Each structure stands twice: as structure tokens, then as C-alpha cells.
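Heads up, the thing below is written out as C-alpha cells.
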Amino acid sequence: MDAMLTGTGIALAAAALSAAGFLFVSRFIPERWLVADADAASALYATIGMVYAILIAIAAIAVWEPRSAAGQNTDLEAASLVEAYWSANGLAAADQADVKGLVVAYLGEATGAEWTSLQRRREPGEHAEMLFTQLRLRVDAVRPQNEREQSAYGQLTGQISAAAGARRARVQAAGDGMPGLLWPVLLGGGLVSIFYLYLFGLDRTFPNGLMMAVVGGMIALLLFVVYQVEYPFSRAFAISPASLTTALSQLRGLP
């Protein structure tokens, strides 16, 4: 709700500024400084609009692909750890208890303090990293004594390896935002798209002012949405730890 109100406020403020700029130009800028050939200006503006649309598309791809991958890796990590928990049933009692305990402890940390760290600082949690390292070391220390334990151990190592790869990709994606050069380009392109309309020499009428307001508001709203999607685990469209939380609830409910 806060993001919706903020986005609405930003769009309305941009619309008001855009319309105010139009009123200022139409009242105080001499006509000889404005575009005389409307057809040529319209064709050029269409080119500017197309280029800016391409920039917005590039920005959307740049922020959406890491976000989508982060969500998939979160789901993969949760599924792999649940399967690892079940595979541990085939191990000796001591190994089974240690592995299961570490899986549950890690999930509790990953959905708690570490997830908060990913949201606020875009960094993994040290304790979660330590618990996962302990889990991998404990799995490596298992020495199967029979065929059943050997089969369970083979499945377990594959599942822990898959979880490790998914975790690595997930925490790395936390800091994958917009390439640094792209934000200035987007902001500059938005300003050019609005300011260029002022040069058309349009009459100071309500429909023309409304058109300017709509263009300014829509550009601001698009940039606000891109900003909110920029980091996978932060801001309004952040990925939730639902799959990890569900896995933890399932495993804690088991006898």
C-alpha cells in the first residue's frame, strides 16, 4: 500500500510539473524559438519515443531476469533441502539426526535473519552461511556402512550440492541491480521526451496541458516501477521466502 501511494504521488507530481512547464513555455517563450514545422517535429518525436521505449525495455530486462532467476533458485533451494531431509532417513541414526537438525536450523536462519539482511543490506547472513557450511561438512563426514546407507548418501550429496548452487545464485542476485550507467540515461531520456514536446508550439488549451501531464506522469510511473523491481529481495516487488518458509514448516511438523 505504501508503494502504491508513493507511486501515485510521484506520478501526480510529475504530471503537475510537466503541465506547469507547458504553461510556462506557452506563456513566456517567444514563438520564434519554437518548432515551426510540426510534421518534421512529430516525426522526430516519434523517433525519440521509440528510442526511449527501447531503453525502458532494456532496463526492464536488466532487472527482471535476475529477479526471476532469484525466485527460481529460492524454490530450488527449498525443494532440494526438503528432499535432503528425507534422504537422510536412510543414514545411520547419528548421521540422520545431525543432518536433519542442520537442515532445519539452516532453514530457520535463512528465512529469518538472513532474509532480513538480503532485504536491507543485500548481503547474506554470516550465521546462515556458517550453518550451511556445517551442513556440507557434516554430509561429507558421513561414512555409509551398507548398501541402503550408500544409496541414501548418494542422493543426499546430490541434493545438498543442488541446494548449495541455488543458495549461491540466490544470495548473489540480492545485489544485482540496474547497471550504473542506465539510470542517468533513463532519467535524461525521460526529461528529453517531455521537454521536446514544449517545442511544438502548442496552444495553451486544456487538452494540450492534459496531454503534457499524462506524458510526464506515465514516464515517472514507469521509472518508479523499474526502481521498485530493481533488486530481487528489496522494495515493493521483493521476492518472498514463501518456499523456504513452507519447507521449514513441513519439516518442523514431522516427528
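Got a sec? Which of GLU114, GLU77 is crowded, with 23+ Cβ neighbours inside 10 Å, part of a helix (DSSP H, G or I), touching a Pro at 6+ places or on another chain (Cβ under 8 Å) and not small (Gly, Ala, Ser)? Among GLU114, GLU77, only GLU114 is crowded, with 23+ Cβ neighbours inside 10 Å, part of a helix (DSSP H, G or I), touching a Pro at 6+ places or on another chain (Cβ under 8 Å) and not small (Gly, Ala, Ser). Within the stretch 136-164, being within 19 Å of VAL82 (Cα to Cα), of a type outside the set (Ser, Thr, Tyr) and touching a residue at least 40 places away in the same chain (Cβ under 8 Å) holds for ARG138, VAL139, VAL142, GLU149, ALA152, GLN155, LEU156, GLN159, ILE160, ALA162, ALA163.
Looking at the stretch 5-28, which of the residues that are within 38 Å of the chain's Cα centre (by Cα) and free of Cβ contacts under 8 Å to residues at least 60 places away in the same chain is nearest to MET218 (Cα to Cα)? Here the answer is THR8. Out of GLN72, GLN145, which single residue is touching a helix residue (DSSP H, G or I) at 6+ places or on another chain (Cβ under 9 Å) and surrounded by fewer than 22 Cβ atoms within 10 Å (Cβ to Cβ)? One residue alone meets the criteria, GLN72. When you check TYR106 against the structure, is it among the aromatic types (Phe, Trp, Tyr) and either within 30 Å of ASP140 (Cα to Cα) or in contact with a Phe, Trp or Tyr (Cβ under 6 Å, 6 or more places away or on another chain) (or both), yes or no? Yes; evaluated as a whole, the condition is true for this residue. Only residues that are crowded, with 17+ Cβ neighbours inside 10 Å, modelled with pLDDT under 95 and either over 29 Å from the mean Cα position of the chain (by Cα) or small (Gly, Ala, Ser) (or both) were counted across the stretch 213-237, and they come to 1.
Against the numbered list (1) within 29 Å of the chain's Cα centre (by Cα); (2) touching a residue at least 24 places away in the same chain (Cβ under 8 Å); (3) surrounded by fewer than 16 Cβ atoms within 10 Å (Cβ to Cβ), GLU31 comes up short only at (1). A search for C-beta distances below 6 Å between a residue of the stretch 53-68 that is assigned to a helix (DSSP H, G or I) and any residue that is among the charged types (D, E, K, R), counting only pairs 6+ apart in sequence or on different chains, returns VAL63/GLU230; PRO66/ASP176. When LEU244, LEU191, LEU210 are screened for being among the aliphatic types (A, V, I, L, M) and in contact with a helix residue (DSSP H, G or I) (Cβ under 6 Å, 6 or more places away or on another chain), only LEU244 passes. For the stretch 106-115, the criterion of being of a type in the set (S, T, N, Q) and under 31 Å from the mean Cα position of the chain (by Cα) is met by at least one residue.
The values are calculated or read from the model by the stated rules, or taken from the named source; none is laboratory data. Keep in mind that what you see is a predicted model, and the values were worked out from it rather than measured. So basically every Cβ, Gly included, is an ideal-geometry build from the backbone, and we count neighbours across all protein chains shown.
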